[in-house]
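A.B. asks: My structure is below; once you've seen it, I'll send some questions.
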Ligand SMILES: Nc1ncnc2c1ncn2[C@@H]1O[C@H](COP(=O)(O)OP(=O)(O)O)[C@@H](O)[C@H]1O
Ligand SMILES: [Mg+2]
């Protein structure tokens, strides 16, 4: 794993050796990361991994016990006021005033940022438009759906035109449609050049939005890189078969062995065969030709590339969205579910 990076002019966020303890809990155990200006970093990890703690330290809401952090070239402890003026934060739990309308919420935040009243109102109007909230602008926020609230929250965090934006689990709890809409808004912000640090438990979200990812588990960085780099760590593609009768599997393994680049995995209980292969779709056609004339009844077949769920499982021994437990027993690696992706 690469060590702490040397700060560069183009890094909007530089974090070195952050340690944070809460009593007996070590929430962060030496976290290093950098975020290049104008890029999106996905900070990934299960519940309790330390994501929010990183965000709180970087947004000056919490002081680290050890290590240092810079945001927009400013030290988060020494230059805390200037950091606050340069950033936007959307917390894990929406910080919207229920009784104010969408417009009033944004106007209030603008005033907190010391914008003149007329400027705050102008900005509020622009942001309502941008986040598709014009029709709801004059309704109290308590009448908003979860997706609308979250949009209002992000709009509020943009009132001061921040150069660096922190989004802590921006889509947790949203329905799939609102999540997609939120992804579009975040992608637009990123395209506009805002540096974004996004925490998420959803690997698909990081895959869609993040240029680079840092995976943390129990307060430590366990992997970092682009989605492709992380996927490469868990190996290449596999050919997967599910048959209707497990007794056909050994014969299939023999017929297909010439195509395998590594040891095939057979799971009799789930009637599955998973075989590491190289090459594209032609390997699938080749495999089917080799099975021609065999008596195996194939229920499902697919060529599968590892996705981030596989990465997460390989790295942490547990699935990303599983609630963390104190269970230290090694988990059995489940047989991947089939189907070409
Ligand atoms: N204010 C706090 N007091 C005590 N423990 C805390 C506090 N904040 C976080 N923790 C603990 O620190 C760890 C990391 O928490 P957090 O940063 O919220 O993780 P995540 O956001 O990845 O779910 C967890 O074990 C959590 O219980
Ligand atoms: Mg959190």
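Yes/no matrix, rows are residues, columns are (1) in a strand (DSSP E or B); (2) more than 34 Å from the chain's Cα centre (by Cα); (3) modelled with pLDDT of 90 or more; (4) closer than 29 Å to residue 232 by Cβ:
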position	(1), (2), (3), (4)
248	no, yes, yes, no
251	no, yes, yes, no
256	no, yes, yes, yes
261	no, no, no, yes
273	yes, no, yes, yes
279	no, no, no, yes
286	no, yes, yes, yes
295	no, yes, no, no
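A.B. asks: Only one of (1) in contact with a strand residue (DSSP E or B) (Cβ under 8 Å, 6 or more places away or on another chain); (2) within 16 Å of ligand 1 (Cβ to nearest atom) is not met by residue 34, so which one is it?
C.D. replies: All conditions are met except number (2).
A.B. asks: Mind counting the residues in the range 36-72 that are within 16 Å of ligand 2 (Cβ to nearest atom) and closer than 16 Å to residue 16 by Cβ?
C.D. replies: Of all residues in the range 36-72, those within 16 Å of ligand 2 (Cβ to nearest atom) come to 41-59, 61-62.
Okay, now just the ones that are also closer than 16 Å to residue 16 by Cβ, so 41, 43, 50, 53-54, 57-58.
Qualifying residue count, the range 36-72: 7.
A.B. asks: Still on this model: Regarding the range 112-123, can at least one residue be identified that is in a helix (DSSP H, G or I) and under 30 Å from the mean Cα position of the chain (by Cα)? Don't jump to the end; show me each part of the working.
C.D. replies: Going residue by residue through the range 112-123, those that are in a helix (DSSP H, G or I) are 112, 117-123.
Adding the requirement that they be under 30 Å from the mean Cα position of the chain (by Cα) leaves 123.
Yes: one or more hits.
A.B. asks: Would you mind listing the strands (runs of 3 or more DSSP E) fully within the range 166-234 where at least 2 residues are in contact with a helix residue (DSSP H, G or I) (Cβ under 7 Å, 6 or more places away or on another chain) and either within 15 Å of ligand 2 (Cβ to nearest atom) or without any contact (Cβ under 8 Å) to a residue 12 or more places away in the chain (or both)?
C.D. replies: Details: elements: 195-200, 212-217, 220-225.
By residue number, 195-200, 212-217.
A.B. asks: Right, here's the next one. If you go through the range 56-68 one residue at a time, do you hit one that is within 22 Å of residue 311 (Cα to Cα), surrounded by fewer than 22 Cβ atoms within 10 Å (Cβ to Cβ), in the same structural domain as residue 168 (by TED's automatic domain parsing) and more than 8 Å from ligand 1 (Cβ to nearest atom)?
C.D. replies: Residues of the range 56-68 within 22 Å of residue 311 (Cα to Cα): none.
No, the range 56-68 contains no residue that is within 22 Å of residue 311 (Cα to Cα), surrounded by fewer than 22 Cβ atoms within 10 Å (Cβ to Cβ), in the same structural domain as residue 168 (by TED's automatic domain parsing) and more than 8 Å from ligand 1 (Cβ to nearest atom).
A.B. asks: Pick from 226, 195, 200: which is within 16 Å of ligand 1 (Cβ to nearest atom) and either assigned by TED's automatic domain parsing to the domain that holds residue 270 or in contact with a strand residue (DSSP E or B) (Cβ under 7 Å, 6 or more places away or on another chain) (or both)? Give the steps one after another, and end with the answer.
C.D. replies: On the way: 226 fails: within 16 Å of ligand 1 (Cβ to nearest atom); 195 fails: within 16 Å of ligand 1 (Cβ to nearest atom).
Selected residue: 200, the only one of 226, 195, 200 that is within 16 Å of ligand 1 (Cβ to nearest atom) and either assigned by TED's automatic domain parsing to the domain that holds residue 270 or in contact with a strand residue (DSSP E or B) (Cβ under 7 Å, 6 or more places away or on another chain) (or both).
The values are calculated or read from the model by the stated rules, or taken from the named source; none is laboratory data. Worth saying up front: this structure is predicted, and the values here are computed from it rather than measured. Please note: Cβ atoms are built from the backbone with ideal geometry, for glycine as well, and neighbour counts cover all protein chains shown.
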